[in-house]
Protein chains: 2
Amino acid sequence: MSDLLERLRGRGWRLTSQRRVVAEVLDGDHVHLTADEVHARATQRLPEISRATVYNTLGELVSLGEVIEVSTDGRAKRYDPNAHQPHQHLVCSGCGTIRDVRPLGDPLADLPADQRFGFTVSEVEVTYRGLCPSCA
Amino acid sequence: MSDLLERLRGRGWRLTSQRRVVAEVLDGDHVHLTADEVHARATQRLPEISRATVYNTLGELVSLGEVIEVSTDGRAKRYDPNAHQPHQHLVCSGCGTIRDVRPLGDPLADLPADQRFGFTVSEVEVTYRGLCPSCA
DNA sequence: ATCCTACGATGGACAGAGTCTAAGTCAAGA
DNA sequence: TCTTGACTTAGACTCTGTCCATCGTAGGAT
């Protein structure tokens, strides 16, 4: 966490209290908050932080590769701080809960050349859907 | 196509001109229109059709399993009439073009039990991203 | 320690996508 | 042909996200 802030400062990031709070809110495993949820939690620590700043900071963290943007439901995007460990997502169709999962195999390898239609494929995103224990 | 309309009428669907036009607009291979695009094309055939009706009809077609809803980019959802043939999507990061593709293997099989966290997993959605020939 | 200034924060207006509602219309069964 | 409840309509509304002009401040320079 403090690693993250140090790393970003090394890249010329100006370390403001707002950015610090956003980064702190995003810390942890299996965290997948929407921008509004991040804003709500940040507000508890720093009452005057604005929505625009939260959006800006999240956008920067995504560009810097420190956070992954996930849109699982066509509603609000969610932000996943687990960016340095490749993983996929398991989403509950009932309550929307998200878990990070690590499937076997390489899904990229499953797309044969004749199914690539001349595209340069560089990334695969897999979403497993189902019901979590509480919703089942 | 007329099969579709007959099938839906058999399920108690009232066959209105608006619904017919929406279904016609969605007909074809590799069709992935947004709701607004569907509305624009429907308007050419039926000038007074409203946005709400297009949204309602698309939602019904999705619930009935005749159309798949795809949200590839966190922008507008797209509607894919190719619902009876299991497939995945290849999306161009440049222009947003979507192709239907059929990868090898069963991605569901790649998620081991210890990575399911008690979820009842029923569906997998795979999105390949890259650049199409024109954008590369 | 203080000063400067460019980078960052603020909040309010704006935009795009989608939902809701109240009132009017019409498909299709009697 | 009549009736009725399902469907459609227009527009207001919500939610998510972006933009902009102005103000504030982190951190290097002195």
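The values are calculated or read from the model by the stated rules, or taken from the named source; none is laboratory data. Keep in mind the model is a prediction, meaning the values are calculated, not measured. Positions of Cβ are backbone-derived with ideal geometry, glycine not excepted, and every protein chain shown enters the neighbour counts.
A few notes on this one:
- Qualifying residue in segment B:51-58 (condition: of a type in the set (S, T, N, Q), out of contact with any Cys (no Cβ under 8 Å at 6 or more places or on another chain), surrounded by 16 or more Cβ atoms within 10 Å (Cβ to Cβ) and over 19 Å from A:Gln115 (Cβ atoms)): yes
- Subset of segment A:114-126 (residues that are of a type in the set (Val, Ile, Thr) and either outside the structural domain of A:Val101 (by TED's automatic domain parsing) or exposed (fewer than 15 other Cβ atoms within 10 Å of the Cβ) (or both)): A:Thr120
- Failed condition for A:Glu125, given (1) more than 13 Å from the chain's Cα centre (by Cα); (2) at the interface with chain B (Cβ under 7 Å from one of its Cβ atoms); (3) among the charged types (D, E, K, R): (1)
- Of all the criteria given as (1) out of contact with any Gly (no Cβ under 6 Å at 6 or more places or on another chain); (2) within 7 Å of chain B (Cβ to nearest Cβ), the one not satisfied by A:Phe119 is (1).
- Which numbered condition B:Leu61 fails, given (1) within 14 Å of DNA strand D (Cβ to nearest atom); (2) within 10 Å of the chain's Cα centre (by Cα); (3) surrounded by fewer than 16 Cβ atoms within 10 Å (Cβ to Cβ): (3)
- Yes/no for B:Arg41 being in contact with a helix residue (DSSP H, G or I) (Cβ under 6 Å, 6 or more places away or on another chain), more than 14 Å from chain A (Cβ to nearest Cβ), within 14 Å of DNA strand C (Cβ to nearest atom) and at pLDDT 95 or above: no
- In segment A:44-60, the residues that are outside any helix (DSSP H, G or I) and either among the acidic types (Asp, Glu) or touching a helix residue (DSSP H, G or I) at 6+ places or on another chain (Cβ under 8 Å) (or both): A:Leu46, A:Glu48, A:Ile49
- Qualifying residue in segment B:65-79 (condition: of a type in the set (S, T, N, Q), under 23 Å from B:Ser134 (Cβ atoms) and out of contact with any His (no Cβ under 6 Å at 6 or more places or on another chain)): yes
- Only residues that are in contact (Cβ under 8 Å) with a residue 40 or more places away in the chain, more than 13 Å from B:Phe119 (Cα to Cα) and among the polar types (S, T, N, Q) were counted across segment A:81-126, and they come to 2.
- Scanning segment A:12-50 for residues that are surrounded by 13 or more Cβ atoms within 10 Å (Cβ to Cβ), within 11 Å of DNA strand D (Cβ to nearest atom) and charged (D, E, K, R) yields A:Arg19, A:Arg20, A:Glu37.
- Answer residue from segment B:61-116, given it is among the charged types (D, E, K, R), in a loop (DSSP other than H, G, I, E, B) and away from DNA strand C (no atom under 14 Å from the Cβ) and is farthest from the other protein chains (Cβ to nearest Cβ) among those: B:Glu66
- Within segment B:52-73, tally of residues that are without any contact (Cβ under 8 Å) to a residue 40 or more places away in the chain and closer than 24 Å to A:Lys77 by Cβ: 9
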